[in-house]
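For reference, the structure discussed in these notes is given below.
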């Protein structure tokens, strides 16, 4: 009697599970916010960003960015989606040449959007991952 190898293809299931898409990261969300919405992941990111109540944190993280930007997070994300750079947004909001506060707030918003997308991708048009 021959011993079957672990790689014996006759014993593999006919339908292998689909490869799981990797989860969203804050960096990917940031990139996809300004990407053309031709990719399903870009469309999902924009759909989530548009549903502010889904991702807006209830309280600002004073350690991460200036508290005054918390109320402006939806506007910051919207302006970023429209192609404005953080430096331009910062100059218009505060008149300061530095954009660290807007950058930090945008990074935090992207992290929250990524978390929401990873929790329920189907709510934004993506298949559920298991």
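Which count do you get for residues in region 55-67 that are without any contact (Cβ under 8 Å) to a residue 12 or more places away in the chain and either assigned to a helix (DSSP H, G or I) or in contact with a strand residue (DSSP E or B) (Cβ under 6 Å, 6 or more places away or on another chain) (or both)? Total satisfying the criteria: 1.
Any residue at all in region 6-27 that's surrounded by 15 or more Cβ atoms within 10 Å (Cβ to Cβ) and at pLDDT 90 or above? Yes, because at least one residue in region 6-27 is surrounded by 15 or more Cβ atoms within 10 Å (Cβ to Cβ) and at pLDDT 90 or above. For region 77-95, which positions are out of contact with any helix residue (DSSP H, G or I) (no Cβ under 6 Å at 6 or more places or on another chain) and either over 18 Å from residue 60 (Cβ atoms) or at pLDDT 90 or above (or both)? Listed by number, the residues that qualify are 78, 82, 83, 84, 85, 87, 88, 91, 92, 95. Taken as a whole, the condition of being over 18 Å from residue 123 (Cβ atoms), in contact with a helix residue (DSSP H, G or I) (Cβ under 9 Å, 6 or more places away or on another chain), modelled with pLDDT of 95 or more and in a helix (DSSP H, G or I) applies to residue 30. With respect to being modelled with pLDDT of 90 or more, assigned to a helix (DSSP H, G or I) and out of contact with any helix residue (DSSP H, G or I) (no Cβ under 9 Å at 6 or more places or on another chain), residue 49 falls outside the description. In this structure, does residue 105 turn out to be assigned to a helix (DSSP H, G or I) and either on the phi > 0 side of the Ramachandran plot or out of contact with any helix residue (DSSP H, G or I) (no Cβ under 7 Å at 6 or more places or on another chain) (or both)? Criteria not met by residue 105. Name the single residue, out of those in region 62-73 being surrounded by 14 or more Cβ atoms within 10 Å (Cβ to Cβ) and farther than 16 Å from residue 26 by Cα, that is modelled with the lowest pLDDT. Within region 62-73, the match that is modelled with the lowest pLDDT is 66.
The values are calculated or read from the model by the stated rules, or taken from the named source; none is laboratory data. Small disclaimer: the values here were computed from a predicted structure and weren't measured. Every residue, glycine among them, receives a Cβ derived from its backbone with ideal geometry; neighbour counts consider all protein chains shown.
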